[in-house]
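First up is the structure itself, then whatever we jot down about it.
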Amino acid sequence: MGNRRRASEFTVDYVVELLTRHGLVREDQARMITARLPQQRMRMSKDLGTGAARRELSPVELLASFELPDPRRRPEMLDQDRISQLIAEDAGMSFYRVDRLKLDAGLITRTLSRPYARKHGVISLEKSEKKLLVGVVNPFDDALLDELVELTRADVTRALCTPYDVYRSITETYGFRASIRDASAQLSRNERGNLENLINVSSGDQLEAASTPVIAAVDYLLNYAFEQRASDIHVEPRREETVVRMRIDGILHTIYRVPRTLHEALTNRIKVMARLDIASRKPQDGRIRVARAEVEMDLRVSTLPTAFGDKVVVRVLDPAMLLKDLGDLGFLDDEKPIFERWLQRPTGLILVTGPTGSGKTTTLYSALRAVASPEVNVTTIEDPIEVVYEEFNQISANPKTGTSFGEALRHVLRQDPDVILIGEIRDTETAQQAVQAALTGHLVLSTLHTNNSVSAVGRMIDLEVPAFLLSETLVGVLAQRLVRRVCVACGEDVALTTDELSALGVTHPDEYSGKLLARRGMGCPRCRHTGYYGRAGIFELLRTSPRMREQIAQRASPETLSRTARQDGQRTLREHALRKVAAGFTTLEEALRATSDEEES
C-alpha cells in the first residue's frame, strides 16, 4: 500500500516549509509566523466558539490568517486557495474549488452525519455508480479514507478543499436541511413555530444554535444571498415543491428546492419580518432593515398571489453597492470629468435613462453622495426610498395616498433645497415641475425609461414640457446599461473569430481572424462557471452644446439630434461597450447583448 500518512503529519511547520521551499515565504516571515502562532491560534479558537461549533483549526486557516503577500501575484495575498493548491500539488492530489450553488445537498446529508463531517473536515462532492468523490481539509489522513470506504461502501477518492469551503458548506447544507426537516416535523404536529419579529439575522455558527427551524431556514437563505452578492431572492410555489432562486450578476440561479408544505411557513416568516399581513391574499409591499454582524442592509419585499400560493421576491439593497465613488461606476477616462462638471452646475436638469435594472439608482445615489456636503441641502423624492442615507433628506412619494412626485416636489421647493433627486419622471405634472425647479435655481436629477440619451428629449416634450424651456434647463442626459465583468480568476486572452469580427463591424474580417485578442472567462467555482464576476456600467453621454440647445428649442427630429451629438463627439453605448471589450473588461458577447436594442431603435 506504500507509505501511509497520518493526520498528525499535516502541521503548520510542514506548510511553512513548503511555502518557503517554493519562494513564497521568506526566512524572516517564517520566524515571525513561529513566534506569533500561539497567540494567533488562541484568537482564532475563540472565534470558533464552543460546543457543537468546536473543531480543530487547519494549518491552512492559520497560515492564511497572517495575510502575507503573494510575491508572484501582487497585490494578492497567500490566501486559503493559493496555499491549498500548493499543498495539493505536493501531496499528489487534485485541488477542488467548491461551488456551493452546485452542491448536491441530498448526497451530502445522506452520506455522512453533520458531527462526523465537521469533526473530520470532509464533505461529499460527487457520486457516480460506486465512485464517491469527497473534499477534505487534511491531505494526509489516510485513516479517514479507510473509514469512508467502510461507511459508504463506495470507491472513495479525495480532493483537497479549502477549510473555508468545506466548513461553510457543512454549515449551510446540513443547517438548512436540518431546519427544513425540523420545520416539517413541527408542521406535521400542527406547530407553526415562533414567528416573532427577529430582525438581527444570525450568521455562521450562530445559525446552528437557532431555536426555531423556520427562523433558521430563512436566516440561512438571507446569509447565502448576502455571501453570494445576490440582488434578488425569489421564493416560488410550485405544484409539488417550493423553489428558491437568486439573481446573481443579473442571472437567476436555482438554489434550493423545499417541500411544498413548508411554503406558507417560510413566506409567513418573511411577511412578519416585513410587517405585512400574513392573512392577506392580496399583493403587498414591505421593507426589512437587517443587521448582520456590523453591516446593516435594506430588503424590499414584494408578495404576489399565484396559482399555488404567494410568490415572494426580496430585493437586497446593499448600501455599499448603491453608494459608490463615481470612479467605480465604470466611466471611461474621458467621461467621468464630463459627468462631474454636470454635477458642479448650480442649476439645471440631469436625466439618467435606461431600462429597469440598468443601474440608474446606483448612478444617481453615487452622484448625490459626490455633491453632498454640510453646505449643500440634498433632498430626494422616491417611490419607494431605496436606501436610507443620513446625508440626504429623503421623502417617500406615494400616489396611493395622494402624494405624487409632482405634489411632493411643490412642498420640497419650500424647503430651500440646492440639489433635488426625483426618483422617476412618469407624468406631465412631474416633468413640468422638474423643469420649473431647474429653471428657478436648483440642480435636479431624475430618471426616464428610454433606450438612449437622445430619446429622453422627445419623451420630455411628449410630457408637454415646452421645448424652449427644456433647451434652457437640460444640462445633459446619461444613458446606461450594465455588463458583466470577466472573472479575474479564470480570464484568458482568446482570438476573435471571423463572425465576431464581423459583429464588430471590422472590414475584411477574414484578414484579422485569429489575430485580434479579447478577454474571456473560462469558468471556475468563483464565478459559478459563468466566466463573469460582478457588473459595471456602460454609458452614453449627451452634452447640450449651444447648437444642441438650439435644435431642442426648434423641436428637431431625433435623427437630427443624434447627428449633432455625434458631431459633438458623443460615444454610443455600443462604442463604449466595445472599448470595454478591448480593455479586457468584458466580453464581446456581453457587449452585444447589453446594446442589442441600439440596432432596433
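The table for this structure:
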| item | result |
| --- | --- |
| Within region 261-273, considering residues that are in contact with a helix residue (DSSP H, G or I) (Cβ under 7 Å, 6 or more places away or on another chain) and either aliphatic (A, V, I, L, M) or surrounded by fewer than 21 Cβ atoms within 10 Å (Cβ to Cβ) (or both), the one nearest to Glu240 (Cα to Cα) | Thr261 |
| Count of region 150-179 residues which are farther than 20 Å from Arg526 by Cβ, of a type outside the set (S, T, N, Q) and more than 24 Å from the chain's Cα centre (by Cα) | 10 |
| Any chance Val258 is in contact with a helix residue (DSSP H, G or I) (Cβ under 6 Å, 6 or more places away or on another chain) and either surrounded by fewer than 16 Cβ atoms within 10 Å (Cβ to Cβ) or in a strand (DSSP E or B) (or both) | yes |
| Among residues of region 198-228, those that are buried (at least 20 other Cβ atoms within 10 Å of the Cβ), modelled with pLDDT under 50 and among the β-branched types (Val, Ile, Thr), counted | 0 |
| Pairs with Cβ under 9 Å, 6+ apart, first in region 111-129 and free of Cβ contacts under 8 Å to residues at least 24 places away in the same chain, second assigned to a loop (DSSP other than H, G, I, E, B) | Ser124/Leu103; Ser124/Asp104; Ser124/Leu112; Glu126/Asp104; Glu129/Ala154 |
| Any chance Leu439 is in contact (Cβ under 8 Å) with a residue 60 or more places away in the chain, over 33 Å from the mean Cα position of the chain (by Cα) and closer than 23 Å to Val477 by Cα | yes |
| Exclusive hit being closer than 29 Å to Arg300 by Cα, at pLDDT 95 or above and either touching a helix residue (DSSP H, G or I) at 6+ places or on another chain (Cβ under 6 Å) or surrounded by fewer than 20 Cβ atoms within 10 Å (Cβ to Cβ) (or both), set Val387, Val483, Val477 | Val477 |
| Matching residues in region 244-255 - criterion: being in a strand (DSSP E or B) and either touching a helix residue (DSSP H, G or I) at 6+ places or on another chain (Cβ under 9 Å) or of a type outside the set (D, E, K, R) (or both) | Val244, Met246, Ile248, Ile251, Leu252, His253, Thr254, Ile255 |
| Scan of region 210-241 for residues that are in contact with a helix residue (DSSP H, G or I) (Cβ under 7 Å, 6 or more places away or on another chain), in contact (Cβ under 8 Å) with a residue 60 or more places away in the chain and in a strand (DSSP E or B), ordered by number | Ile233, Val235, Pro237 |
| Residue satisfying all of: in region 59-100; assigned to a helix (DSSP H, G or I), in contact with a helix residue (DSSP H, G or I) (Cβ under 8 Å, 6 or more places away or on another chain) and of a type in the set (D, E, K, R); surrounded by the fewest Cβ atoms within 10 Å (Cβ to Cβ) among these | Asp90 |
| Subset of region 412-436 that is in contact (Cβ under 8 Å) with a residue 24 or more places away in the chain and assigned to a loop (DSSP other than H, G, I, E, B) - its residue that is surrounded by the fewest Cβ atoms within 10 Å (Cβ to Cβ) | Asp416 |
| Some residue of region 302-312 being under 20 Å from Phe226 (Cα atoms) and either among the β-branched types (Val, Ile, Thr) or surrounded by 15 or more Cβ atoms within 10 Å (Cβ to Cβ) (or both) | yes |
| Count - residues of region 287-315 that are under 15 Å from Glu386 (Cα atoms) and of a type in the set (Gly, Ala, Ser) | 1 |
| Qualifying residue in region 425-448 (condition: more than 30 Å from Arg414 (Cα to Cα), modelled with pLDDT under 95 and of a type outside the set (A, V, I, L, M, F, W, C)) | no |
| Test: residue in region 306-315 that is farther than 21 Å from Ile248 by Cβ, assigned to a strand (DSSP E or B) and among the charged types (D, E, K, R) | yes |
| The lone exception for Leu103 - which of (1) at pLDDT below 90; (2) aliphatic (A, V, I, L, M); (3) surrounded by fewer than 18 Cβ atoms within 10 Å (Cβ to Cβ) it fails | (3) |
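The values are calculated or read from the model by the stated rules, or taken from the named source; none is laboratory data. Because the structure is predicted, anything quoted here is derived from the model rather than measured. Using ideal geometry, Cβ is built from the backbone for each residue, glycine included, and neighbour counts are taken over all protein chains shown.
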